[in-house]
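Q: There's a structure below that I have some questions on.
The values are calculated or read from the model by the stated rules, or taken from the named source; none is laboratory data. Keep in mind that this is a model prediction, so the values were computed, not measured. Because the Cβ atoms are built from the backbone with ideal geometry, glycine has one as well, and the counts that use them run over all protein chains shown. Just so you know, the surface numbers come from the protein's heavy atoms only, side chains and all, with ligands and any DNA or RNA stripped out. Shrake-Rupley method; radii C 1.70, N 1.55, O 1.52, S 1.80 Å.
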Amino acid sequence: MDSVSVIFLWQMNEEGCAVLPVALTRTSHSTAPGFMRLTPLLLLLSLCFLPALSQANDKTVYGLNEYARLADIDLEVAAKLDTGAKTASLSARDIKRFKRNGESWVRFYLAIDAAHSHPIERPLARVSKIKRRAGDYNADEGKAYTARPVIALNICMGNTLRSIEVNLTDRSAFQYPLLIGSEALKHFDALVDPSLKYAAGKPACATAAHTAE
(Lines give C-alpha, C1' and ligand atoms only; values in the text may rest on other atoms or scores of the structure.)
Protein backbone atom coordinates (compact mmCIF):
# COMPACT_ATOMS: atom_id res chain seq x y z
CA MET A 1 0.00 0.00 0.00
CA ASP A 2 1.22 3.50 -0.79
CA SER A 3 2.11 5.72 2.14
CA VAL A 4 1.40 9.44 1.95
CA SER A 5 3.23 12.19 3.82
CA VAL A 6 1.77 15.69 3.75
CA ILE A 7 3.82 18.73 4.69
CA PHE A 8 1.83 21.91 5.34
CA LEU A 9 3.61 25.10 4.29
CA TRP A 10 1.64 28.20 5.21
CA GLN A 11 3.05 31.60 4.37
CA MET A 12 1.70 34.98 3.32
CA ASN A 13 3.84 36.61 0.67
CA GLU A 14 4.07 40.35 -0.07
CA GLU A 15 1.25 40.17 -2.58
CA GLY A 16 -1.08 38.71 0.06
CA CYS A 17 -1.06 35.31 -1.60
CA ALA A 18 -1.48 32.43 0.85
CA VAL A 19 0.76 29.53 0.00
CA LEU A 20 -1.32 26.33 -0.10
CA PRO A 21 -0.27 23.09 1.60
CA VAL A 22 1.95 20.87 -0.54
CA ALA A 23 1.42 17.12 -0.43
CA LEU A 24 4.55 15.03 -0.87
CA THR A 25 3.50 11.46 -1.73
CA ARG A 26 5.77 8.46 -1.32
CA THR A 27 4.68 5.66 -3.63
CA SER A 28 5.85 2.05 -3.78
CA HIS A 29 5.27 2.04 -7.55
CA SER A 30 8.01 4.63 -8.23
CA THR A 31 10.90 3.57 -10.43
CA ALA A 32 13.36 4.85 -7.80
CA PRO A 33 13.07 4.00 -4.10
CA GLY A 34 12.05 6.92 -1.97
CA PHE A 35 10.95 9.02 -4.93
CA MET A 36 8.72 11.89 -3.83
CA ARG A 37 5.96 13.00 -6.21
CA LEU A 38 4.71 16.57 -5.92
CA THR A 39 0.96 17.06 -6.28
CA PRO A 40 -0.56 19.71 -8.56
CA LEU A 41 -0.79 21.98 -5.51
CA LEU A 42 2.86 22.84 -6.11
CA LEU A 43 1.84 24.47 -9.38
CA LEU A 44 -0.59 26.73 -7.52
CA LEU A 45 2.18 27.61 -5.08
CA SER A 46 4.53 28.70 -7.86
CA LEU A 47 1.85 30.87 -9.46
CA CYS A 48 1.70 32.94 -6.28
CA PHE A 49 5.26 34.13 -6.84
CA LEU A 50 4.97 35.05 -10.52
CA PRO A 51 3.78 38.68 -9.88
CA ALA A 52 6.71 39.34 -7.53
CA LEU A 53 9.22 37.95 -10.04
CA SER A 54 7.73 40.08 -12.80
CA GLN A 55 7.98 43.23 -10.68
CA ALA A 56 11.64 42.54 -9.88
CA ASN A 57 12.44 42.17 -13.60
CA ASP A 58 10.92 45.61 -14.29
CA LYS A 59 13.26 47.39 -11.87
CA THR A 60 16.62 49.00 -12.63
CA VAL A 61 19.71 47.97 -10.71
CA TYR A 62 21.77 50.84 -9.30
CA GLY A 63 24.95 50.81 -7.26
CA LEU A 64 25.56 52.14 -3.77
CA ASN A 65 26.82 55.34 -5.42
CA GLU A 66 25.64 56.86 -8.67
CA TYR A 67 26.16 60.03 -10.69
CA ALA A 68 23.09 62.25 -10.53
CA ARG A 69 22.34 65.29 -12.65
CA LEU A 70 20.21 68.02 -11.10
CA ALA A 71 18.55 69.28 -14.25
CA ASP A 72 16.98 72.38 -12.68
CA ILE A 73 20.32 73.81 -11.54
CA ASP A 74 22.55 72.28 -14.26
CA LEU A 75 24.76 70.36 -11.86
CA GLU A 76 26.15 66.82 -11.76
CA VAL A 77 27.08 65.32 -8.38
CA ALA A 78 27.97 61.96 -6.89
CA ALA A 79 25.08 60.60 -4.85
CA LYS A 80 24.76 57.98 -2.17
CA LEU A 81 21.76 55.66 -2.52
CA ASP A 82 20.59 54.70 0.95
CA THR A 83 17.59 52.40 1.35
CA GLY A 84 17.86 52.88 5.11
CA ALA A 85 17.08 56.59 4.78
CA LYS A 86 13.56 57.66 3.92
CA THR A 87 14.10 61.08 2.36
CA ALA A 88 16.51 62.67 -0.11
CA SER A 89 18.89 65.42 1.03
CA LEU A 90 21.01 67.96 -0.84
CA SER A 91 23.95 69.74 0.77
CA ALA A 92 23.09 73.43 1.16
CA ARG A 93 24.04 76.39 3.35
CA ASP A 94 22.68 79.85 4.17
CA ILE A 95 19.15 78.58 3.68
CA LYS A 96 16.54 81.33 3.83
CA ARG A 97 12.81 81.20 3.24
CA PHE A 98 11.05 84.18 1.67
CA LYS A 99 7.85 85.22 -0.10
CA ARG A 100 7.51 85.91 -3.81
CA ASN A 101 4.14 87.04 -5.16
CA GLY A 102 2.50 85.56 -2.07
CA GLU A 103 4.17 82.16 -2.58
CA SER A 104 6.76 80.52 -0.34
CA TRP A 105 10.26 80.22 -1.83
CA VAL A 106 13.68 79.25 -0.51
CA ARG A 107 17.11 80.72 -1.29
CA PHE A 108 20.29 78.72 -0.64
CA TYR A 109 23.88 78.11 -1.67
CA LEU A 110 25.24 74.68 -2.50
CA ALA A 111 27.52 73.45 0.29
CA ILE A 112 29.79 71.46 -2.01
CA ASP A 113 32.89 73.53 -2.72
CA ALA A 114 34.02 77.13 -3.10
CA ALA A 115 33.08 77.16 -6.78
CA HIS A 116 29.35 77.23 -5.98
CA SER A 117 29.13 80.79 -4.73
CA HIS A 118 25.92 81.91 -6.45
CA PRO A 119 22.51 81.70 -4.76
CA ILE A 120 19.81 79.32 -5.96
CA GLU A 121 16.12 80.10 -5.59
CA ARG A 122 13.39 77.47 -5.79
CA PRO A 123 9.69 77.28 -4.80
CA LEU A 124 9.22 75.77 -1.36
CA ALA A 125 7.28 72.49 -1.58
CA ARG A 126 6.90 71.99 2.17
CA VAL A 127 8.83 71.87 5.44
CA SER A 128 9.91 68.46 6.71
CA LYS A 129 10.59 67.53 10.33
CA ILE A 130 13.67 65.31 10.63
CA LYS A 131 14.50 63.59 13.90
CA ARG A 132 17.77 64.82 15.34
CA ARG A 133 20.63 62.44 15.94
CA ALA A 134 21.77 61.91 19.51
CA GLY A 135 24.84 64.07 18.92
CA ASP A 136 22.77 66.89 17.44
CA TYR A 137 20.25 67.11 20.25
CA ASN A 138 20.46 70.28 22.32
CA ALA A 139 18.74 69.96 25.69
CA ASP A 140 18.55 73.75 26.01
CA GLU A 141 16.52 74.00 22.82
CA GLY A 142 14.31 71.09 23.82
CA LYS A 143 13.64 70.14 20.19
CA ALA A 144 14.01 66.52 19.13
CA TYR A 145 13.29 67.44 15.50
CA THR A 146 14.83 69.88 13.05
CA ALA A 147 12.82 71.62 10.33
CA ARG A 148 14.19 71.36 6.80
CA PRO A 149 12.80 73.11 3.72
CA VAL A 150 11.89 70.74 0.90
CA ILE A 151 12.08 71.52 -2.82
CA ALA A 152 11.21 69.52 -5.93
CA LEU A 153 14.07 68.78 -8.32
CA ASN A 154 14.30 66.92 -11.63
CA ILE A 155 17.07 64.37 -11.10
CA CYS A 156 18.59 62.14 -13.78
CA MET A 157 20.34 58.85 -13.03
CA GLY A 158 21.42 56.78 -16.00
CA ASN A 159 18.66 57.23 -18.59
CA THR A 160 15.91 57.91 -16.08
CA LEU A 161 14.66 61.38 -15.15
CA ARG A 162 12.31 61.81 -12.21
CA SER A 163 10.96 64.69 -10.17
CA ILE A 164 11.62 64.02 -6.50
CA GLU A 165 11.42 65.98 -3.26
CA VAL A 166 14.75 66.91 -1.67
CA ASN A 167 15.28 68.48 1.73
CA LEU A 168 18.05 71.03 2.19
CA THR A 169 20.70 70.63 4.88
CA ASP A 170 24.44 71.11 5.24
CA ARG A 171 26.10 67.81 4.27
CA SER A 172 29.60 69.24 3.85
CA ALA A 173 30.85 66.89 6.57
CA PHE A 174 29.82 63.91 4.44
CA GLN A 175 31.51 62.51 1.35
CA TYR A 176 28.46 62.73 -0.92
CA PRO A 177 26.52 66.00 -1.32
CA LEU A 178 23.35 64.20 -2.38
CA LEU A 179 21.62 61.44 -0.45
CA ILE A 180 18.79 59.58 -2.17
CA GLY A 181 16.55 57.68 0.25
CA SER A 182 13.92 55.01 -0.17
CA GLU A 183 10.99 57.28 -1.09
CA ALA A 184 12.91 58.79 -4.01
CA LEU A 185 14.25 55.38 -5.07
CA LYS A 186 10.67 54.18 -5.50
CA HIS A 187 10.20 56.77 -8.24
CA PHE A 188 13.20 55.33 -10.06
CA ASP A 189 11.90 51.74 -9.68
CA ALA A 190 15.33 51.07 -8.24
CA LEU A 191 16.98 47.98 -6.87
CA VAL A 192 20.20 48.90 -5.05
CA ASP A 193 23.13 46.48 -5.17
CA PRO A 194 25.62 47.70 -2.51
CA SER A 195 28.42 45.73 -4.16
CA LEU A 196 28.24 48.01 -7.22
CA LYS A 197 29.27 51.61 -7.81
CA TYR A 198 28.15 53.86 -10.66
CA ALA A 199 26.35 50.99 -12.36
CA ALA A 200 24.12 53.38 -14.34
CA GLY A 201 27.07 55.33 -15.75
CA LYS A 202 26.96 59.04 -16.51
CA PRO A 203 23.51 60.66 -16.61
CA ALA A 204 22.14 60.65 -20.15
CA CYS A 205 18.50 61.70 -19.94
CA ALA A 206 16.81 63.12 -23.02
CA THR A 207 15.35 66.61 -22.70
CA ALA A 208 11.86 65.15 -23.13
CA ALA A 209 12.43 62.45 -20.52
CA HIS A 210 9.54 61.32 -18.37
CA THR A 211 9.38 63.14 -15.05
CA ALA A 212 6.47 61.35 -13.43
CA GLU A 213 6.07 61.67 -9.68
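Q: Hey, if we sort Val192, Val61 by accessible area with the 1.4 Å probe, largest down, what's the order?
A: Val61, Val192
Q: May I ask you to compute the full-extension gain from Lys186 to Ile130, defined as 0.36 nm times their residue separation minus their alpha-carbon distance, rounded to one decimal in nm?
A: Taking 0.36 nm per residue and subtracting the Cα distance, the gain is 18.2 nm.
Q: Give me, ordered by chain and number, the residues 5 or more places off Val192 or on other chains with an amide H under 5 Å from its own placed amide H.
A: Here the answer is Tyr62, since their amide H atoms fall under 5 Å of that of Val192.
Q: Let me ask something additional. Starting from the residue with the highest accessible area, list His116, His187 in decreasing order, probe 1.4 Å.
A: Highest to lowest solvent-accessible surface, that is His187, His116.
Q: Sticking with this one: With r as the distance between the Cβ atoms of Thr83 and Ser163 and R0 = 25 Å, compute the FRET efficiency 1/(1 + (r/R0)^6) and round to 0.05.
A: 0.80
Q: To make sure I understand the rule: partners must be lysines, Cα under 30 Å from the Cα of Lys202, and not fewer than 8 residues away in the same chain. Which ones qualify?
A: Straight-line reach from Lys202, under 30 Å: Lys59, Lys80, Lys86, Lys186.
Q: What order do you get for 81-87, 177-183, 97-103 when each peptide is scored by the mean count of other beta carbon atoms within 10 Å, highest first?
A: Taking the mean over residues of other Cβ atoms within 10 Å, the ranking is 177-183, 81-87, 97-103.
Q: Along Cα→Cβ, 7 Å out, is where each label goes; now give me the distance between the ones at Phe98 and Ala147 in nm to one decimal.
A: Output for this residue pair reads 1.9 nm.
Q: Continuing with the same structure: Working with all protein chains in place, sort Lys59, Lys129 by solvent-accessible area computed with a 1.4 Å probe, largest first.
A: Lys129, Lys59
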